[in-house]
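A quick write-up on the structure given underneath.
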Amino acid sequence: MRRSWKSLKTITGLFCAIALTQFFGANTSAQAADTVIVRLGLFAESISLSDLESAAATGEFPRNLAFYTNNLSEQDRRLILGALQTRIPLNVVTVSRLLNTQIGTTILNDLATAIVREDKAGAQALRAGFVLGSTAPKGLSILSFIAAYPSKRLEINLPQAFTVAKNLNSSFWLTQQFMLAIAPLLEPSKPQTSFPFDPSQPGSAQVQVLNLKLNDQKRDRNIPVDIYWSTAVTPDKPLLVFSHGLGSVRTDLRYLAEHLASHGYTVAALEHPGSNETNTNLAIQNKTRLLKPQEFLDRPKDISFVLDQLEKLNQTANNPLQGKLATNNAMVIGYSFGGGTALAIAGAELQLERLKQRCKQNLAVLSLGETVQCLAQELPANSYQLRDTRIKQAIALSPTTSLMFGETGLTKVQVPTLILAGSADKTVPALPEQIVGFSKIPSPKWLVGILGGTHLSVKDPSTTLDQQGKPNTPLSGGEVVGEQAADIRKYLKAIALAFAAQLTPESEKYAIFLTSDYAQFASTAAFPIRLVTEIPPQAMAVVKQFIKQ
């Protein structure tokens, strides 16, 4: 865990720093607490709040704490004292709003598992302690939190506190710090801008689905494609192409395809045969590899092949789509590994020299997204350019970018690009995978940050039913999906439609929905949303801090 106790990470650090060194605060009265209690099995020890305050003020532990501190390393001693002295520059309104978001609730519930209470009100008590503690004259700190904790006893289960602390993810916490830096968490009121209509509502066209089974004989790849369309389709609107994630299916974003088709767009959702659910199931049975290195090249080529085939369909007499497919004016929407595919076909260059060096080191510290990218190290060349000039815009939802595009590969993107990142994404963490990459992409570009969004939040509910009952671990679980994520999918429908419209004569009409004002308007208490077109200096400092490490 990093020792920079700042912003959101520090809020949890207030709770976990003491646990990491066998110090946890206890108060047990509705008044200011004066005791800290640590429980380990049948054993319990108490420490007075006044002793902790003395340590924070003097930078030295009082002699009567020698029993606890004599066996600490100098590094741990500095860590504890630094944590006790740290104050968080967040006012009570911001702290309160933060803790009432989806991610804030998750944090509190996790921390509450380390609190011993008979009334099971640990999360509510923690929330009160943080909020009341932030009203202290010198602001929120470990000490003001302890003093404000609304109970006679704050009894800590030390082993569970260690478990909670181990689950902290440094990239995750720096992502939260970044999200706070790009804009205030939530403004007291909605923006005054008026919006002419609601782009998240379905269009008037009746959606139809055409199922195609295409075969690329040159590459021996069978590519199923679902075409979502309506009689309102015209060549004035771009053709939209969906690329799914690793181990998934072409219905990943079915609700989004239906929404866009209802507004007169044609959507081609294809399935990549070397990295879809079928391939993953075979890999589980040890019948094939989870992902062959060639798939990094084949996926963009799949999209180009589908565009070729749809152009033939466009010229086929008596076909209902004849003359209606704008294959030379296409937009790609990719999710997760498909987000990396979308960026590659939009011009980002695969640059593998640094990846090959990095992936020879300790892979245990890598995220799942980084580990998948490491499979590209087996490709023979160090760079690949896979751009298709028919792609005029790109949307990348939680894309993988950190290793596969090297230092400058993303600077080669040559079309307007929108990146969406969820702050609570464990699979493809937002800061290394989307935010650092966004800083390299040329303008025009948009970055959407959804505080509390997880990796699977944008997926069609029909594809996330398996998440029920999954344990919440540092690498998986805890996904916000289904009805819980309805607000996230609603916003995605709106901005995807507005972005697609930028390739039509209606571009100006829809431009207002690609603004920070609309992102704030669409925000909810559970999911604050922020949109920027450039990373502001205070947030760029977080990015640079991450890059240096």
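The values are calculated or read from the model by the stated rules, or taken from the named source; none is laboratory data. From a predicted model like this one, the values you see are computed outputs, not experimental measurements. Cβ coordinates were reconstructed from backbone atoms using ideal geometry, including for glycine residues, and neighbour counts include every protein chain displayed.
Can you name every residue in the range 347-379 that is at pLDDT 95 or above and out of contact with any Pro (no Cβ under 9 Å at 6 or more places or on another chain)?
GLY347, ALA348, GLU349, LEU350, GLN351, LEU352, GLU353
Can you name the residue in the range 38-72 that is at pLDDT below 80 and under 36 Å from the mean Cα position of the chain (by Cα) and is also nearest to TYR149 (Cα to Cα) among such residues?
Within the range 38-72, the match that is nearest to TYR149 (Cα to Cα) is VAL38.
Quick one: is ALA525 under 19 Å from SER200 (Cβ atoms) and part of a loop (DSSP other than H, G, I, E, B)? Before the answer, list the steps.
Values: under 19 Å from SER200 (Cβ atoms): yes; part of a loop (DSSP other than H, G, I, E, B): yes.
Judged against the criteria, ALA525 is a match.
Report the residue count in the range 280-301 for those that are in contact with a Ser or Thr (Cβ under 8 Å, 6 or more places away or on another chain) and surrounded by 21 or more Cβ atoms within 10 Å (Cβ to Cβ). It would help to see each step written out before you state the result.
Start the filter on the range 280-301 by keeping residues that are in contact with a Ser or Thr (Cβ under 8 Å, 6 or more places away or on another chain), which leaves 282, 290-291, 295, 299-300.
So of that shortlist, the ones also surrounded by 21 or more Cβ atoms within 10 Å (Cβ to Cβ) come out as 295, 299-300.
Final tally of qualifying residues: 3.
Which one of THR251, THR234 is in contact with a Gly (Cβ under 7 Å, 6 or more places away or on another chain), assigned to a loop (DSSP other than H, G, I, E, B) and closer than 30 Å to GLU506 by Cβ?
On the way: THR251 fails: in contact with a Gly (Cβ under 7 Å, 6 or more places away or on another chain).
None of the other options fit; the residue is THR234.
Only one of these conditions is not met by HIS263: (1) surrounded by 15 or more Cβ atoms within 10 Å (Cβ to Cβ); (2) of a type outside the set (D, E, K, R); (3) touching a Ser or Thr at 6+ places or on another chain (Cβ under 8 Å). Which number is it?
(3)
Scanning the range 124-179 for residues that are farther than 15 Å from LEU111 by Cα, assigned to a helix (DSSP H, G or I) and among the polar types (S, T, N, Q), which turns out modelled with the lowest pLDDT?
Checked the range 124-179; the qualifying residue modelled with the lowest pLDDT is SER170.
Determine, yes or no, whether ASN329 is surrounded by 15 or more Cβ atoms within 10 Å (Cβ to Cβ) and either assigned by TED's automatic domain parsing to the domain that holds GLY245 or of a type outside the set (A, V, I, L, M, F, W, C) (or both). Full working, then the answer.
Working: surrounded by 15 or more Cβ atoms within 10 Å (Cβ to Cβ): yes; either assigned by TED's automatic domain parsing to the domain that holds GLY245 or of a type outside the set (A, V, I, L, M, F, W, C) (or both): yes.
Yes.
Based on what the data block shows, is PRO505 in the same structural domain as LEU420 (by TED's automatic domain parsing), without any contact (Cβ under 8 Å) to a residue 60 or more places away in the chain, part of a loop (DSSP other than H, G, I, E, B) and over 16 Å from the mean Cα position of the chain (by Cα)? Step through it out loud before you land on a result.
Details: in the same structural domain as LEU420 (by TED's automatic domain parsing): yes; without any contact (Cβ under 8 Å) to a residue 60 or more places away in the chain: no; part of a loop (DSSP other than H, G, I, E, B): yes; over 16 Å from the mean Cα position of the chain (by Cα): yes.
No.
Each row is one residue, and each column tells you yes or no for (1) more than 21 Å from ILE495 (Cα to Cα); (2) more than 28 Å from the chain's Cα centre (by Cα); (3) small (Gly, Ala, Ser).
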residue: LEU210; (1), (2), (3): yes, yes, no
residue: ASN215; (1), (2), (3): yes, yes, no
residue: ARG219; (1), (2), (3): yes, yes, no
residue: ILE223; (1), (2), (3): yes, yes, no
residue: THR234; (1), (2), (3): no, yes, no
residue: VAL249; (1), (2), (3): yes, no, no
residue: ALA268; (1), (2), (3): no, no, yes
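Within the range 237-248, work out how many residues are under 16 Å from GLN502 (Cα atoms) and either touching a Ser or Thr at 6+ places or on another chain (Cβ under 9 Å) or assigned to a loop (DSSP other than H, G, I, E, B) (or both).
Qualifying residue count, the range 237-248: 4.
Among (1) outside the structural domain of PRO505 (by TED's automatic domain parsing); (2) modelled with pLDDT of 95 or more; (3) under 26 Å from TYR491 (Cβ atoms), where does LEU256 come up short?
(1)
Here are the criteria: (1) under 28 Å from the mean Cα position of the chain (by Cα); (2) without any contact (Cβ under 8 Å) to a residue 40 or more places away in the chain; (3) part of a loop (DSSP other than H, G, I, E, B). Tell me which single one ALA257 does not satisfy.
(3)
Scanning for something assigned by TED's automatic domain parsing to the domain that holds VAL241 and under 28 Å from ALA485 (Cα atoms), does the range 377-392 turn up at least one residue?
We begin by selecting, within the range 377-392, every residue assigned by TED's automatic domain parsing to the domain that holds VAL241; these are 377-392.
Then keep just the ones that are under 28 Å from ALA485 (Cα atoms); that gives none.
Checked the range 377-392: no residue is assigned by TED's automatic domain parsing to the domain that holds VAL241 and under 28 Å from ALA485 (Cα atoms).
Tell me, which helices (runs of 4 or more DSSP H) wholly within the range 279-365 include 3 or more residues that are farther than 24 Å from PRO416 by Cα and either in contact (Cβ under 8 Å) with a residue 60 or more places away in the chain or not aliphatic (A, V, I, L, M) (or both)? Break it down stepwise before answering.
On the way: elements: 295-314, 337-345, 353-358.
Where helices (runs of 4 or more DSSP H) fall fully within the range 279-365 and carry at least 3 residues being farther than 24 Å from PRO416 by Cα and either in contact (Cβ under 8 Å) with a residue 60 or more places away in the chain or not aliphatic (A, V, I, L, M) (or both), they are 295-314, 353-358.
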